[in-house]
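Below is one structure; the comments refer to it alone.
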Amino acid sequence: MDLELKGKRAIILGGSRGIGWYTALLLKQEGCSVALCARGAEGVAQAAERLQGVGSGDVYAQPADLTDAESTRNFVQAAISALGGADILIHNASGFGVGDTEEDWRRSFEVDIMAGVRAVNQALPALQQSGSGSIVFVGSMASQYHFGRPPSAYGPAKAAMRTYANELAQTYGKDGVRANVISPGAVWFPGGSWDQRKEENPKFYAAVEKGIPLGRLGTGEEIARIIAFTASPAGLWLNATHLAADGGQVASVD
Ligand SMILES: NC(=O)c1ccc[n+]([C@@H]2O[C@H](COP(=O)([O-])OP(=O)(O)OC[C@H]3O[C@@H](n4cnc5c(N)ncnc54)[C@H](OP(=O)(O)O)[C@@H]3O)[C@@H](O)[C@H]2O)c1
């Protein structure tokens, strides 16, 4: 199947490593021009270098802090200028507010919600012009399932993201702009949070693996494929959707 991604212009918020990086790499392999940001300048430069020469299309990479309104808007605007427009916006970064402090809540709200709102509002004219505009939010199964941890900002912020995506989809569908949320379950990749848990607490990691019907955690590449399909013109009839990309980890129908 042709995903019809060749020549599309994709902006990724949080793309220097992990799921955002695998998504950037795949989109570039599929012929997209890709713009990405992250806070760490070194990670951004390395990601840009690794993307050069992959597939076709251009690369634009700039350090930006998504807790900062100006930094977020500047990155998105510069990305649109560099790529000559935007067809795809992927909000992948998270504030990871896995605690219950004011700082956890503030960071989760700023990154998971406000950075998404700011980026969408900045990119909307370009996405409307695209004719195949697509917004993908990377959520979490913590938006609907209690994993047994104490209350924290993380799940509620991801749940709010889902409502926002639906509002965008309902409002801007008429302009050909879709909005969807992909919620990964536990995802392993080298250097990621589950790689760290595997190292620190192998028993817990093994128990999580055992609880997933496919017998292992998902990978960054597997989540990237789901994001790429959803973002692509081939995924056109996915709109206002929440997709559980968890290999059946959460044992419920909704
Ligand atoms: N991994 C999993 O098992 C899993 C499971 C469910 C959901 N998810 C979701 O998937 C998404 C990606 O997770 P991941 O595990 O791939 O994360 P990760 O490995 O920590 O990568 C996050 C990326 O976002 C960037 N970033 C983080 N905070 C930022 C900020 N304030 N401003 C700009 N860039 C920022 C990071 O670079 P810098 O640190 O240099 O800024 C990095 O490039 C998140 O939304 C997460 O909630 C992941």
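Couple of notes before you dig in:
- Put in line by how crowded their Cβ is, counting other Cβ atoms within 10 Å and starting with the fewest, Lys203, Lys158 read Lys203, Lys158.
- Angle in degrees between helix 154-172 and the longest Cα principal axis of the chain, rounded to the nearest 10: 30
- When the chain is treated as a GNM with alpha-carbon contacts under 10 Å, the residue of Ala234, Ala206, Ala244 showing the greatest mean-square fluctuation is Ala206.
- Taking Cα centre as origin and charging only the Cβ of basic (Lys, Arg, +1) and acidic (Asp, Glu, -1) residues, the dipole magnitude of the chain rounds to 300 debye.
- The distance separating the Cα centre of region 175-244 from that of region 57-82 comes to 25 Å.
- The fewest-to-most ranking of Thr219, Thr101 by surrounding Cβ atoms within 10 Å reads Thr101, Thr219.
- Here, P(r) means the percent of Cα pairs in each 5 Å bin from 0 to the largest distance; for region 109-218 it is 2, 11, 17, 18, 16, 12, 10, 7, 4, 1, 0.
- Across region 123-146, the residues whose backbone nitrogen lies under 18 Å from the label position 7 Å along the beta-carbon direction of Lys174 are 124-133.
- Computed FRET value (nearest 0.05) for Glu102 with Asp195, which takes r as the C-beta separation and R₀ as 35 Å: 0.75
- Intensity falloff of the chain expressed as log10 I(q)/I(0), Debye formula with alpha-carbon point scatterers, at q = 0.08, 0.18 Å⁻¹: -0.28, -1.51
- Linear extension gain, Asp68 paired with Arg225, 0.36 nm per residue minus alpha-carbon span: 53.6 nm
No lab work stands behind these numbers, since they all come straight from the coordinates. Everything quoted here is computed from the prediction, not taken from an experiment. We place every Cβ from the backbone using ideal geometry, glycine too, and count neighbours over all the protein chains shown.
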